[in-house]
Amino acid sequence: MVGIRMIGKSALIVIDVQNGVMESSWNPGVVVGRIATLVERARREGVPVVYVQHEIPAYPPMARGGEGWRIDARIAPQPGETVVPKQFQDSFANTRLADVLDAMDVTHLVIAGAQSDVCIRATTFRAMFEGWQVTLVGDCHTTEDCEVDGGVIPAEQIVKHMNASIQHLEYPGRSVEVVAHDDVEFSVPALEGVA
């Protein structure tokens, strides 16, 4: 049964900031630069940084060891930091992410990375469902343009829509917020009406 995680600490979750993902994403240099700033701050403050790394075994550039699979060197994990491999959009699906976070007594996830409309969305929704408090770093996620019904939705618009829509997501006993990287608080958010 899913429980609400009420006592614990924060972790920064960096999703799919990999060479093969970022090369086609919107504003990658700026977004990765902001994530790098956030990673450095988390490390200084003793907040665990957990990397999620997508792999596609049947597609060599994104297969384990491929150049596209590698995490961007500007935010590369340091020795001792956790990297969780995944093969689905939801970072919890068939991975050890939940176990890793529970072992660290983490209750608040600060989420950054790619792709806004797929892996970021799926992971954020799942984290809320599973009982974590969530902060989506609104200027630290990106995606690529999406072709649909003969038209194109620009990546920048997708990012903005994700930020706008996630603020209205509600689950009992959980909080969700969208903040800029400079405004991230690495503390467990207080819940309205909970003393």
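The values are calculated or read from the model by the stated rules, or taken from the named source; none is laboratory data. Computed from a predicted structure; not experimentally measured. Quick reminder, even Gly has a Cβ in these numbers, built from the backbone with ideal geometry, and neighbours come from all protein chains shown.
Checked against the criterion of being closer than 19 Å to THR37 by Cα and either among the hydrophobic types (A, V, I, L, M, F, W, C) or in contact (Cβ under 8 Å) with a residue 40 or more places away in the chain (or both), the candidates THR143, THR135, THR123 yield just one match: THR135. Filtering ARG74, ARG70, ARG126 for residues that are modelled with pLDDT of 95 or more, within 24 Å of ASN163 (Cβ to Cβ), of a type in the set (D, E, K, R) and in contact with a helix residue (DSSP H, G or I) (Cβ under 8 Å, 6 or more places away or on another chain) leaves a single hit, ARG74.
On inspection, GLU156 qualifies as surrounded by fewer than 17 Cβ atoms within 10 Å (Cβ to Cβ), more than 21 Å from VAL50 (Cβ to Cβ) and charged (D, E, K, R). All conditions but one from (1) of a type outside the set (A, V, I, L, M, F, W, C); (2) more than 20 Å from ARG126 (Cα to Cα); (3) in contact with a strand residue (DSSP E or B) (Cβ under 7 Å, 6 or more places away or on another chain) apply to TYR51; the one that does not is (2). Filtering segment 99-124 to residues that are hydrophobic (A, V, I, L, M, F, W, C) and within 21 Å of SER187 (Cβ to Cβ) leaves VAL100, LEU101, ALA103, MET104, VAL106, LEU109, VAL110, ILE111, ALA112.
The residue of segment 41-86 that is surrounded by the fewest Cβ atoms within 10 Å (Cβ to Cβ), among those that are closer than 21 Å to SER116 by Cα and small (Gly, Ala, Ser), is ALA73.
Over 30 Å from ILE153 (Cα atoms) and not aliphatic (A, V, I, L, M) - does that describe any residue in segment 15-30? Before the answer, list the steps.
Taking segment 15-30 and keeping what is over 30 Å from ILE153 (Cα atoms), we get none.
Looking through segment 15-30, none of the residues is over 30 Å from ILE153 (Cα atoms) and not aliphatic (A, V, I, L, M).
Give segment 171-195 a look and list any residue that's modelled with pLDDT under 85 and among the acidic types (Asp, Glu), or say none. Across segment 171-195, the qualifying residue is only GLU192. Once segment 174-186 is narrowed to residues that are surrounded by 13 or more Cβ atoms within 10 Å (Cβ to Cβ) and not aliphatic (A, V, I, L, M), the residue that is farthest from ASP117 (Cα to Cα) is PHE186.
Annotation: of all residues in segment 139-153 being assigned to a loop (DSSP other than H, G, I, E, B) and among the acidic types (Asp, Glu), the one that is surrounded by the most Cβ atoms within 10 Å (Cβ to Cβ) is GLU144. Applying a threshold of 9 Å to beta carbon distances and a minimum spacing of six or more residues, or different chains, the list of pairs starting in segment 161-185 at a residue that is small (Gly, Ala, Ser) and ending at one that is exposed (fewer than 12 other Cβ atoms within 10 Å of the Cβ) and in a loop (DSSP other than H, G, I, E, B) reads GLY173/VAL194; SER175/ALA190; SER175/GLU192.
Going by what's in this entry, would ALA98 be described as of a type in the set (A, V, I, L, M, F, W, C), assigned to a helix (DSSP H, G or I) and farther than 24 Å from THR142 by Cβ? Spelling it out, ALA98 is indeed of a type in the set (A, V, I, L, M, F, W, C), assigned to a helix (DSSP H, G or I) and farther than 24 Å from THR142 by Cβ. Might you check whether a residue that is modelled with pLDDT of 95 or more, surrounded by fewer than 17 Cβ atoms within 10 Å (Cβ to Cβ) and within 27 Å of ASP182 (Cβ to Cβ) occurs anywhere in segment 87-99? Scanning segment 87-99, I find no residue that is modelled with pLDDT of 95 or more, surrounded by fewer than 17 Cβ atoms within 10 Å (Cβ to Cβ) and within 27 Å of ASP182 (Cβ to Cβ), so the answer is no. The set of residues in segment 105-137 that are of a type in the set (A, V, I, L, M, F, W, C) and more than 22 Å from PRO172 (Cβ to Cβ) comprises ALA112, ALA114, VAL118, CYS119, ILE120, VAL137.
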